[in-house]
Amino acid sequence: MDQNTPAFGVPPTLRALLAGAPLYGESVHRDLYAYLALTWPPLVVGDRLGLHRMVGDSWPMAEYLNGAWAAAARLLDASRCGRPGRGAMRTFHTQLAAMRAELGRLLDLRPAFDIEFDRNYGFSDPLDELYGRMTFYCAGLGEAGSTQDLIGLAWDAVRGAGPGDDDMPDLLATAVGGTILQGDVRVQWHPEHALTDVVGQWRSHGRVALRGAVVPPAAPVRSLPALAQAIIEARREPAGDGPSILVLASVEHLPGTAKAGEGKPGVTASTARGEYAPVAGRNLPLVVVPDLARVKRRLVREFPDCERIVDAILAPLAGRSFAWLSPVLLRGAPGSGKSRLARRIGEELGLAVTVYGCGAVADGAFIGTSRQWSTGRACVPLQAIKRAGAASVLVILDEISRAGTRTDNGRLTDGVLALLERETARAFHDPYLECAVDLSAVSYVATANDTTDLDPALLSRFRVLDMPRPTVASLPILARSLVAEIRRERGLNEMWLPDLTPGELELVAEHWRGGSVRTLQALVECALDGRHAGPAN
């Protein structure tokens with residue numbers, strides 16, 4: 001171990017460790033300290049609230065990371081005065097085993113659909129990487145259970161590597177060697193700060209075994225049903241840069257002659273097959289998460305009283321490869337700006353926004369209607385995907401508490417239930433197309449004045465955030481953003497429609513003392529229109 005190694009640096013990735021790279025600083029505590037500092041910067045400055053936000057608003061996970069950071073920091077401080085004592089090292093090793101077990105328990109509490117979704121689409125979670133590092137550490141310290149888990153991690157790394165990757169031979173040798181040896185390790189004497197080179201032993205054994213390996217000829221491809229074959233071919237198609245998913249596998253089962261992938265998504269056709277052929281059989285792009293700091297600045301500039309809500313909605317996006325919001329319900333008084341905030345969040349994230357007014361909706365047409373009716377149509381989320389030509393869109397369920405409650409023709413709220421569950425949405429059966437579609441990348445934000453009469457089953461699927469009452473202190477900022485929006489609607493620039501003057505702001509303030517943004521918008525429009533009426537009016 002190099003005592004002069006900087007505390008803050010870039011440690012090797014777990015994949016690099018499995019391929020044979022040494023630990024950062026050649027010690028567990030330095031490697032752990034550097035990884036924690038690099039991945040969760042709030043730990044370095046003691047920002048507990050910032051750390052809480054980075055881990056998805058989970059206090060147990062935030063406290064866990066604080067504990068791991070403290071344990072590594074104590075040993076790092078001791079090493080600055082020379083090699084840490086035997087007792088300190090043994091204490092730290094015991095803490096590592098306990099920390100690995102506790103992290104595994106916390107990760108197991110995640111919803112199963114989140115774990116499966118990340119695994120299916122190759123999204124990585126830094127907490128999973130941390131658990132893998134803990135497993136690597138504990139295996140090198142001789143914990144038998146960890147060595148078995150390390151074999152699985154090695155095979156996961158092999159699956160994630162490409163044939164042309166430089167580390168592919170080392171990763172494969174490690175996985176093969178560990179499997180042949182069934183996780184056995186020849187424990188050698190080593191100093192207290194060092195680890196047994198488990199990966200090195202497995203890799204050496206795997207290389208020997210692979211030298212005589214013979215690749216058998218590929219088995220002939222058996223014929224598959226048309227729909228399954230279409231799915232396979234679509235997944236083989238290059239998706240281009242960025243993440244993507246297959247929303248609609250095929251339209252071959254529908255009457256008509258249109259071919260999957262033909263035409264433009266926005267073009268209207270006379271048949272269901274022709275209408276959805278442009279988005280069938282090919283991966284549709286997912287909107288990449290933009291610069292969240294910039295998005296927050298722009299939103300808080302428009303909604304100065306809603307910073308807490310903006311933080312709560314944007315924080316889970318950190319680390320995601322594409323923009324997807326867990327279902328959120330904005331609850332607040334009429335005119336508090338719920339719908340406008342929801343729409344602006346979608347726009348700033350780059351998502352195509354569909355506002356679905358739920359007031360007085362007395363049927364379940366939101367989830368689509370059969371083609372046997374003359375008014376047949378696909379479900380609203382799939383229509384939004386077709387218009388946008390992208391798999392990730394935002395659907396705003398405006399005033400969801402005002403939806404009808406009669407069940408004669410189905411209820412909106414009953415239909416929405418299935419789409420809010422990502423596991424169900426991944427294979428949602430659309431009645432119009434009569435096949436399964438993947439709607440798992442669609443985001444939903446609902447608004448309501450009150451949630452007292454909402455179905456508890458529906459309410460439990462949303463994270464409810466209360467809209468604050470806009471204050472008169474925010475009047476200049478709110479007025480400026482409202483004028484900008486009016487400017488866009490009227491197709492004018494700032495020269496033709498400048499912001500309110502101080503005198504106009506004072507006039508508006510006399511009639512608005514906080515509360516409804518809708519009322520404020522009417523007053524702002526009145527002040528702007530008054531410019532043309534003249535001072536006598």
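Scan segment 482-501 residue by residue and report those that are at pLDDT 85 or above and over 21 Å from R298 (Cα atoms).
T501
Search segment 430-469 for residues being over 23 Å from F303 (Cα atoms) and in a strand (DSSP E or B), and hand back the single one that is nearest to the chain's Cα centre (by Cα).
Of everything passing the filter in segment 430-469, V437 is nearest to the chain's Cα centre (by Cα).
Report yes if some residue within segment 436-446 is surrounded by fewer than 20 Cβ atoms within 10 Å (Cβ to Cβ) and either more than 22 Å from L349 (Cβ to Cβ) or polar (S, T, N, Q) (or both); otherwise report no.
yes
Per-residue answers, yes or no, for (1) free of Cβ contacts under 8 Å to residues at least 12 places away in the same chain; (2) over 26 Å from the mean Cα position of the chain (by Cα); (3) closer than 30 Å to G242 by Cβ:
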residue	(1), (2), (3)
R343	no, no, yes
E348	no, no, yes
V353	no, no, yes
A360	no, yes, no
G368	no, yes, yes
C379	no, no, yes
K386	no, no, yes
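Which residue, of E485, E510, is under 30 Å from the mean Cα position of the chain (by Cα), surrounded by fewer than 18 Cβ atoms within 10 Å (Cβ to Cβ) and not assigned by TED's automatic domain parsing to the domain that holds R343?
E485
Restricting attention to segment 357-368, which residues are surrounded by fewer than 21 Cβ atoms within 10 Å (Cβ to Cβ) and over 17 Å from L454 (Cα atoms)?
Within segment 357-368, A365 is the sole residue that qualifies.
Sort through A427, A522, A418 and tell me the only one that's free of Cβ contacts under 8 Å to residues at least 60 places away in the same chain and over 23 Å from the mean Cα position of the chain (by Cα).
Sole residue among the options that is free of Cβ contacts under 8 Å to residues at least 60 places away in the same chain and over 23 Å from the mean Cα position of the chain (by Cα): A522.
Any residue that is buried (at least 21 other Cβ atoms within 10 Å of the Cβ) and in contact with a Leu (Cβ under 9 Å, 6 or more places away or on another chain) - is there at least one of those in segment 369-377?
The answer is no, given that none of the residues of segment 369-377 is buried (at least 21 other Cβ atoms within 10 Å of the Cβ) and in contact with a Leu (Cβ under 9 Å, 6 or more places away or on another chain).
In segment 284-301, which residues are closer than 17 Å to R340 by Cβ and surrounded by fewer than 21 Cβ atoms within 10 Å (Cβ to Cβ)?
Listed by number, the residues that qualify are K296, R298, V300, R301.
Condition first: surrounded by fewer than 18 Cβ atoms within 10 Å (Cβ to Cβ) and more than 13 Å from A97 (Cα to Cα). Now tell me which residues in segment 142-154 satisfy that.
Matches in segment 142-154: Q148, G152.
Can you tell me how many residues within segment 440-498 are within 19 Å of K338 (Cα to Cα), without any contact (Cβ under 8 Å) to a residue 60 or more places away in the chain and among the basic types (K, R)?
The total comes to 1.
For the subset of segment 67-98 comprising residues that are outside any loop (DSSP other than H, G, I, E, B) and of a type in the set (D, E, K, R), which member is surrounded by the fewest Cβ atoms within 10 Å (Cβ to Cβ)?
Among those residues, the one meeting the criterion is R86.
Which residues, counting only those in segment 22-46, are farther than 16 Å from H93 by Cα and in contact with a Lys or Arg (Cβ under 9 Å, 6 or more places away or on another chain)? Step through it out loud before you land on a result.
Taking segment 22-46 as the starting set, the residues that turn out to be farther than 16 Å from H93 by Cα are 22, 24-25, 34-46.
If the condition is that a residue be farther than 16 Å from H93 by Cα and in contact with a Lys or Arg (Cβ under 9 Å, 6 or more places away or on another chain), then Y24, Y35, P42 are the ones that fit.
When R406 is evaluated against the numbered criteria (1) out of contact with any strand residue (DSSP E or B) (no Cβ under 7 Å at 6 or more places or on another chain); (2) under 29 Å from W512 (Cα atoms); (3) not in a helix (DSSP H, G or I), which criterion, by number, is the only one it fails?
(2)
When G404 is evaluated against the numbered criteria (1) out of contact with any Cys (no Cβ under 6 Å at 6 or more places or on another chain); (2) modelled with pLDDT of 90 or more, which criterion, by number, is the only one it fails?
Here G404 meets the rest and fails (2).
Looking at segment 250-263, is at least one residue at pLDDT 85 or above, small (G, A, S) and assigned to a loop (DSSP other than H, G, I, E, B)?
Checked against the condition, which is being at pLDDT 85 or above, small (G, A, S) and assigned to a loop (DSSP other than H, G, I, E, B), segment 250-263 yields at least one hit.
The values are calculated or read from the model by the stated rules, or taken from the named source; none is laboratory data. Treat the numbers as computed from the prediction; the structure is a model and nothing was measured. Cβ atoms come from the backbone with ideal geometry, glycine included; neighbour counts cover every protein chain shown.
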